[in-house]
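A short write-up of the structure that comes next.
Where a number appears in this text, it was derived from the coordinates with a stated rule and is not lab data. Predicted model only: the values in this text are computed from it and were never measured. Cβ: placed from backbone, ideal geometry, glycine included. Neighbour counts: every protein chain shown.
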Amino acid sequence: PLRLTLSVGNLQGPPFQGAVTVAFSRAGVPGQVTRTLTRDAVGWSTEFVPDAPGAWDVDVRFLTTRPKAVHLRFTVSEPPVPPWIWRTLLAIAGGLLLARVLYAVTRRGVTPEHPIAPLPQAPPPEAAASEPAAPATPE
């Protein structure tokens, strides 16, 4: 989409607060889309999505002490890759990712044993003291 933000300033007098009329049209075709804008926090803004590639005209009109008009022309070009190709590739990638996650979740084997064997530990010192000492054998 094309976002158009306008700022209207005055050289003298109070700041302009009135409405601004914006007309978007294909070159040579008058006023296909016309919008009357009121001031917001940034200025006067609107969005427009051209329906076809080619030359487009924008006419901006507003009234201060006398009528004012601005005219500009811009060109809309075709995207290098059609959007449906990107959407198809995105859908395929999403499907493959979902299949991989589901495969990993359903095939994960849970073993009851810990994969790393515990380290051998010495018996606690209390257990060693409570065992009777072996009698010494005479020689």
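Taking loop as defined by DSSP and a crowding limit of 10 other beta carbons within 10 Å, which trypsin sites (Lys or Arg not before Pro) in the stretch 38-124 fit?
108
Which of rounded, prolate, oblate describes the stretch 2-76, given a ≥ b ≥ c as roots of the alpha-carbon gyration tensor eigenvalues and a/c under 1.5 marking rounded, otherwise prolate only if a/b is larger than b/c?
Since a/c reaches 1.5 and a/b is larger than b/c, the shape of the stretch 2-76 is classed as prolate.
Report the label-to-label distance for residue 76 and residue 52 in nanometres (one decimal), using points 7 Å from each Cα along the Cα→Cβ vector.
1.0 nm
If R₀ is 41 angstrom, what is the calculated FRET efficiency for the pair residue 36 and residue 91, using the beta carbon separation as r and rounding to 0.05?
E(calc), rounded to 0.05, equals 0.55.
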